[in-house]
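Everything on this sheet refers to the single structure shown next.
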Amino acid sequence: MIRQRGVDIAQEFRGKGINIWLGPSADLLRIPRAGRNWESFGEDPVLSGIAVSETIKGAQSQGVIATVKHYAVYNQETFREHMSSNIDERTLQELYLWPIARAVEAQVGSVMCAYNKINNVYACENDELLSRILRDEMGFRGCVQSDWGATHSTAKAANAGLDMEMMQSWNAVYFGDKLRAAVDDGKVSNQRLNLMVERIVATYYKFGQDKDYPVVQINTANPSKDPGVNVQGNHKDGIRKIGAASTVLLRNDGGILPLRGDKLSEKRIVVAGTDAGAGLLPPNLCPLHMCDTGTTSMGGGSGSAYMPYLVTPLQGITERAKKEAIQVQAILQDVSPVSDLLTIISTTVSPTDTCIVFGSAYSMEAFDRPIHGVDPLDVPIIEHISNVCENTVLVIHAIGPIDLPFADHPNIKAIVWAGLPGQETGNSLADILFGDVNPSGRLPYTIAKQHQDYPADVSLKLQVPYNEKLLLGYRWFDAKGIDPLFEFGFGLSYTTFTYGQLAVNVIRGEKPEVEAHISIRNSGKVDGAEVVQAYLSFPASVGEPPKVLRGFEKIFLTKDEQKPVTFLFSKQDLSIWDTKGGGWIVPSPGTFTLHVGASSRDIRSSTTFEL
């Protein structure tokens, strides 16, 4: 699905005649309030590396150049053009550069350098990052482009390894005429200039864009002159499937879900909250989706998209409920002040109703979230519904982990984490709520009991120390013995899965590998998919976190079916960064422990091996 999503995205870009897609994002989720968390793949470098690699392979199979971003250690929007991410070498290599290296292995055509400084040197004029690490160490051969307005010099940036400047009208331009002058003055050599051009043009030819590539058929500067070429194809089907597959079921007390007419004491569902409906403004009214009313289906900024249509949760639920002969009563916040809405809830909602109440958390590029929880207007609605309705399903659309102070309310029987599903949001959610799709999404980040439990928050200082070092996300919670509300990798299903005994085979040689086998059985009553996760504990002497993700496999099983799952761990997976030697080493001799389970805290089988 990840690779197919890349294919679909690239088909739309190619259909418009666009040569370079500015994605995917490999930024790790360090700070829950960071405004661009929703653009990338969560808190773990291995998860991000796999997702980024598969996305790139899919996109570039269509002849479109992918751009991995933002290089590097770009984790907040506040003061993003002035702050310095101050980080040690081992943390930089093992966490923040890991997914970038996987992108280079996938032969990504372009790398975008970030706004921020790394150890007080701007990313787009950082010779250590752009030349020594990216070119010499990783072997990248494509072009490096700046983010918009992230260039801060001419000769320094060009000599450090920046090939292409992207600018905005309100930012200074450092290439173009200034680059010509720098070459004439001898500050940038002709050899360097030729190399910059070569990297851009070679990438163009590598992806065959000189042959039968569509001409540009888009006009964002003047939408009235846009030719209106429809490139959507059947992508809506994939969007709906991905929306359902990525929905995470966090709680399901008493099997309240899936919804069925014969399970409800009253053949009625109450749907409440702003996030359930269309809102006061159409979804495409604000440029780059920089405002949010009604249901939150995506974040705002350069990573957003104009939607051809929007199926709201209320629409999706209402349409699907007809098949069960279930009546849907809507109580949407936008139609009344909150005080009036609370009165409506008190007078119309019965304790025996089944209520679906919505909460959302939105963010946009250039701004970090000012709060840690859902939209403040959602809070009284969620609290009032759950106080009145004894069978409440809480649905959250969020850009990342947020505070859920009402999560343990005894009347909230189910919690559905629906993320940001896009234009098919209502249909994707209905597929899960009514059991047409068995939920199989797993959390790509940790949801804490309180935001103070995370190792970092948005910094208002220009010098930002990464004091947590390797303890990012679940690694921090494990090392500090902090119980999360919902751990990394967690997610429920409408069925259950039984894990067999884990077996390991060490393949010794110049590049050691470890092969692991385990069998998984669907021991429940319905067909479903399990996401089998493999975590590695390194020898205690090397100072790694308690355990780190090293792979996952999603396996589809019919009722009572059993299948084997195999993991193969490469030398890279078994290595740590050696700061003294400046390279990757396998700690040997040493005892490793492999853990396989359903989440970072739900380990089903473990075994040790020696290297």
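Does Ala106 qualify as being over 24 Å from Leu470 (Cα atoms), open to solvent by less than 10 Å² (accessible area, probe 1.4 Å) and hydrophobic (A, V, I, L, M, F, W, C)? Explain how you work it out, then say what you get.
Working: over 24 Å from Leu470 (Cα atoms): yes; open to solvent by less than 10 Å² (accessible area, probe 1.4 Å): no; hydrophobic (A, V, I, L, M, F, W, C): yes.
No, not satisfied.
Just name the residue that is nearest to the chain's Cα centre (by Cα) out of those in region 47-64 that are open to solvent by 10 Å² or more (accessible area, probe 1.4 Å) and not small (Gly, Ala, Ser).
Going through the qualifying residues, I end up with Leu47.
Against the conditions (1) in a loop (DSSP other than H, G, I, E, B); (2) in contact (Cβ under 8 Å) with a residue 60 or more places away in the chain; (3) small (Gly, Ala, Ser); (4) surrounded by fewer than 22 Cβ atoms within 10 Å (Cβ to Cβ), where does Gly509 fall short? Just the number, please.
(2)
Scan Asp436, Asp483, Asp457 and give me the residue that is open to solvent by 20 Å² or more (accessible area, probe 1.4 Å), closer than 18 Å to Tyr535 by Cβ and either in contact with a Pro (Cβ under 6 Å, 6 or more places away or on another chain) or not in a helix (DSSP H, G or I) (or both).
Only one candidate qualifies: Asp483.
Being open to solvent by less than 40 Å² (accessible area, probe 1.4 Å), part of a strand (DSSP E or B) and in contact with a strand residue (DSSP E or B) (Cβ under 6 Å, 6 or more places away or on another chain) is true for just one of Phe552, Phe556, Phe567. Which residue is that?
Numbers: Phe552 fails: open to solvent by less than 40 Å² (accessible area, probe 1.4 Å); Phe556 fails: open to solvent by less than 40 Å² (accessible area, probe 1.4 Å).
Criteria check complete, one pass: Phe567.
Are any of the residues in region 538-547 of a type in the set (Ser, Thr, Tyr) and either under 25 Å from the mean Cα position of the chain (by Cα) or over 25 Å from Phe477 (Cα atoms) (or both)?
No.
Could you tell me which of the residues Phe477, Phe488 is within 15 Å of Lys449 (Cβ to Cβ), of a type outside the set (Ser, Thr, Tyr) and not in a loop (DSSP other than H, G, I, E, B)?
Phe477
Here is a yes/no grid of residues against (1) part of a strand (DSSP E or B); (2) without any contact (Cβ under 8 Å) to a residue 40 or more places away in the chain; (3) in contact with a helix residue (DSSP H, G or I) (Cβ under 9 Å, 6 or more places away or on another chain); (4) within 25 Å of Met196 (Cα to Cα):
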residue	(1), (2), (3), (4)
Gln4	no, no, yes, no
Asp8	no, no, yes, no
Asp27	no, no, yes, no
Glu43	no, no, yes, no
Glu77	no, no, no, no
Ala103	no, no, yes, yes
Val111	yes, no, yes, yes
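Exactly one of these conditions fails for Met166: (1) in a loop (DSSP other than H, G, I, E, B); (2) farther than 25 Å from Ile9 by Cα; (3) not β-branched (Val, Ile, Thr). Give me its number.
All conditions pass for Met166, except number (2).
Output the number of the condition that His70 fails; it satisfies all remaining conditions of (1) buried (at least 23 other Cβ atoms within 10 Å of the Cβ); (2) outside any strand (DSSP E or B); (3) not aromatic (Phe, Trp, Tyr).
Answer for His70: the failing condition is (2).
What's the number of the only condition in (1) open to solvent by less than 20 Å² (accessible area, probe 1.4 Å); (2) part of a helix (DSSP H, G or I); (3) in contact with a helix residue (DSSP H, G or I) (Cβ under 7 Å, 6 or more places away or on another chain) that Val188 fails to meet?
Condition not satisfied by Val188: (2).
It is to be established whether one or more residues within region 210-217 are among the basic types (Lys, Arg), within 25 Å of Leu462 (Cα to Cα) and open to solvent by 20 Å² or more (accessible area, probe 1.4 Å).
Within region 210-217, not a single residue is among the basic types (Lys, Arg), within 25 Å of Leu462 (Cα to Cα) and open to solvent by 20 Å² or more (accessible area, probe 1.4 Å).
Would you confirm whether any residue within region 154-170 is more than 18 Å from Ile65 (Cα to Cα), modelled with pLDDT under 95 and aromatic (Phe, Trp, Tyr)?
Yes: one or more hits.
Just the residues that are of a type outside the set (Lys, Arg) and without any contact (Cβ under 8 Å) to a residue 24 or more places away in the chain, please, taken from region 572-581.
Restricting attention to region 572-581, the residues satisfying the condition of being of a type outside the set (Lys, Arg) are 572-579, 581.
Correct list: Gln572, Ser575, Asp578, Gly581.
Tally time: how many residues in region 128-159 are under 16 Å from Tyr174 (Cβ atoms), open to solvent by 10 Å² or more (accessible area, probe 1.4 Å) and part of a helix (DSSP H, G or I)?
Counting residues in region 128-159 that are under 16 Å from Tyr174 (Cβ atoms), open to solvent by 10 Å² or more (accessible area, probe 1.4 Å) and part of a helix (DSSP H, G or I) gives 3.
If we only count strands (runs of 3 or more DSSP E) wholly inside region 291-398, which ones have 3 or more residues that are crowded, with 20+ Cβ neighbours inside 10 Å, under 26 Å from the mean Cα position of the chain (by Cα) and in contact (Cβ under 8 Å) with a residue 12 or more places away in the chain?
Per the criteria, 354-361, 391-398.
The values are calculated or read from the model by the stated rules, or taken from the named source; none is laboratory data. All of these numbers come straight from a predicted model, not from anything done at the bench. With ideal geometry, Cβ positions are generated from the backbone for all residues, glycine too; neighbour counts draw on all protein chains shown. All accessible areas refer to the heavy atoms of the entire protein, side chains included, with ligands and DNA or RNA removed. Shrake-Rupley method; radii C 1.70, N 1.55, O 1.52, S 1.80 Å.
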